[in-house]
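So the structure is just underneath, and the comments pick up after that.
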Amino acid sequence: MSSVVLITGVSRYLGARLAALLAADSSIERVIGVDATALYQADLLHLGRTEYVRADIRNPLIAKVLAQARVDTVVHAAMGTIRGAGGRAPTKDLNLVGTMQLLAACQRSESVSRVVVKSTTAVYGSGPRDPAAFTEEMAAAGQPRGGYARDAVEVEDYVRGFMRRRPDIAVSILRFASLIGPTIDSPLTRYLAMPIVPTSLGFDPRLQLLHESDAVEVLRLATIDNHPGVYNVAGDGVVYLSQAVRRAGRFRLPVPAAAISLVGGIVRNSGVIEFSAEQASFLNFGRVVDTSRLRAEFGYTPRLSTEQALRSYLDGRSATDEVA
């Protein structure tokens, strides 16, 4: 069991939810939440007895936090697309430099015995030669060209180097499918909330989704027990993009595939989502992963399928609309 847990990214959904769950677990001695973003008092109340430390993990001083608290488990949940970061360059810096500094601190630590890293299935890319379902051993036919997907590929390279240098530390890499649910704010939920949803003409990709509650539970299980290795994490089944847009009650605007990046630039400038070249490719070809290892070796089966996760999001949005 973990005794002292440090979680990065507690200003965001997954980090905050995980911190709250662990803080309610009396078997865990301390939960330390780290984030460079200032939290409001209401946010701190939701974290329970979590000890909030406002710190930037890009600063080498993060090593002092690990040492002084005798942290034994580190959960790096800060990876992702970051709204309000000021553009692509600051987001990339937070993802890459922050991860390097955090891993360097863990490498020097005498107390850390477990590291959990939140990653994404976007590391597999999206293309016309993709297999029916990616397994953890497979590599993308073409490396992601940019955005969070490219950051995640580089971060996983850093993590593998860390594993070679510290083989005594149990490391879990969790590759999450597109996150969705009634309360999470993700690129997919913002995309499906647009009044007019741009899609690629002639393409109807398969989407595999992960409900927010399943994502948090997998993070929790990886935190409290050793599950070393790389795991695809996604709900059963798929939905087609056209189905998702139709069920969301949105107007679908098919545009030529060559122009999707142009449309994406307009969307990106609106501040709705970060619309990268990788996301444009995803809207053409989609992505599906095999989750056999999650079930057989990790010991977890997502409670909600892709269809159920989408329904949960739509029901939650309808309830919010009714209240408003």
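Just going by the charge dipole of the chain, with Lys and Arg at +1 and Asp and Glu at -1 on Cβ, which of Leu44, Ala149, Ser2 is farthest out on the positive end?
Going by the charge dipole, the pick is Ala149.
Order of Lys118, Lys92 from fewest to most other C-beta atoms within 10 Å? Don't jump to the answer; show the numbers that get you there.
On the way: Lys118 27, Lys92 18.
Ranked by crowding around the Cβ, least crowded first: Lys92, Lys118.
Apply the Karplus parameterisation 6.51 cos²θ - 1.76 cosθ + 1.60, with θ equal to phi minus 60°, to every residue of region 176-186 and state each ³J(HN,Hα) to the nearest whole Hz, in sequence, with x for glycine and proline.
These are the phi-based 3J(HN,Hα) values: 7, 6, 4, 7, 8, x, x, 10, 6, 9, 10 Hz.
Collect residues whose amide H, placed 1.01 Å from N in the peptide plane, falls under 5 Å from the amide H of Leu253; neighbours closer than 5 in sequence don't count.
Close amide H contacts, sequence-distant or interchain: Val197, Thr199.
Before rounding to the nearest 500, sum -39500 (n - 2.57) across all DSSP H runs of length at least 4 in the chain and divide by the residue total; then give [θ] at 222 nm in deg cm²/dmol.
Working: 11 runs with 129 residues, N = 324.
So the helix-based figure for the chain works out to -12500 deg cm²/dmol.
What's the angle, to the nearest 10 degrees (0 to 90), between helix 147-165's Cα axis and the longest principal axis of the chain?
That works out to roughly 30 degrees.
With charges set only on the Cβ (+1 for Lys and Arg, -1 for Asp and Glu), what does the dipole of the chain come to about its Cα centre, in debye to the nearest 20? Each step should come with its number before you reach the end.
Working: 36 positive and 32 negative charges, 105 e Å.
Roughly 500 debye, rounded to the nearest 20.
In debye to the nearest 20, how big a dipole does region 124-204 give about its Cα centre with +1 on each Lys and Arg Cβ and -1 on each Asp and Glu Cβ? Walk me through the numbers before you get to the answer.
On the way: 9 positive and 10 negative charges, 38 e Å.
For this selection, approximately 180 debye.
When DSSP beta bridges are limited to those with both residues in the chain, what percentage is antiparallel, rounded to the nearest 5? Don't skip to the answer; put the middle values down first.
On the way: 2 of 40 bridges.
Rounded to the nearest five, the antiparallel share is 5 percent.
If amide H atoms are built 1.01 Å from N in the plane of the peptide, which residues on other chains or at least 5 residues away come under 5 Å of the amide H of Val115?
The answer is Val74, Ala170, Val171, Ser172.
Could you run the Debye sum over the Cα atoms of region 51-171, one equal point scatterer each and no solvent, and tell me log10 of I(q)/I(0) at q = 0.19 Å⁻¹, two decimals?
-1.06
Only counting other Cβ atoms within 10 Å, I'd like Ile169, Ile57, Ile196 sorted with the fewest neighbours first. Before the final figure, lay out the partial values.
Numbers: Ile169 19, Ile57 25, Ile196 10.
Lowest count first: Ile196, Ile169, Ile57.
Give the long-range amide H neighbours of Thr120: residues separated by 5 or more places, or on another chain, with amide H under 5 Å away, using H modelled in the peptide plane at 1.01 Å from N.
The list, which skips near neighbours in sequence, is Phe176.
Given the options Asp43, Asp130, Asp214, which has the most mean-square fluctuation in a GNM of the chain, springs set between C-alpha atoms less than 10 angstrom apart?
Asp43
When only C-alpha pairs under 8 Å and at least 6 residues apart count, what is the relative contact order of the chain, in percent?
Working: 628 pairs, mean separation 58.9, N = 324.
Over the chain, the number comes to 18 percent.
In which sequence would Asp35, Asp157 go, from the one with the fewest C-beta neighbours within 10 Å to the one with the most? Kindly include the intermediate steps, with their values, before the conclusion.
On the way: Asp35 24, Asp157 10.
The most exposed by this proxy come first: Asp157, Asp35.
When Rg and Dmax of the Cα atoms in Å is calculated directly from the model, which label among (1) 21.4, 68; (2) 19.2, 57; (3) 24.1, 80 fits?
So the structure-derived entry is (2).
Along the charge dipole of region 178-250, pointing to its positive end and built from +1/-1 on Cβ of Lys, Arg, Asp and Glu, which listed residue (Leu219, Ser186, Tyr240) has its Cα farthest out?
The listed residue farthest towards the positive side: Tyr240.
If you project the alpha carbons of region 1-99 onto the principal axes, what extent comes out on each, in Å, largest first?
On the principal axes, region 1-99 reaches 40, 29, 20 Å in Cα extent.
Once the Cα gyration tensor of region 162-263 is diagonalised, what are the square roots of 5 times its eigenvalues, in whole Å and ordered largest first, as equivalent ellipsoid semi-axes?
On the way: eigenvalues 235, 51, 25 Å².
Its equivalent ellipsoid spans semi-axes of 34, 16, 11 Å.
Considering only Ala104, Val75, Val116, whose Cα is most displaced toward the positive end of the charge dipole of region 66-194, charges sitting on Cβ of Lys, Arg (+1) and Asp, Glu (-1)?
Ala104
Every read-out reported here was derived from the displayed coordinates using simple, explicitly stated rules and does not represent laboratory data. Since the model is a prediction, treat every value here as computed from it, not as a measurement. Here the Cβ is made from the backbone with ideal geometry for all residues, glycine too, and neighbour counts use every protein chain on show.
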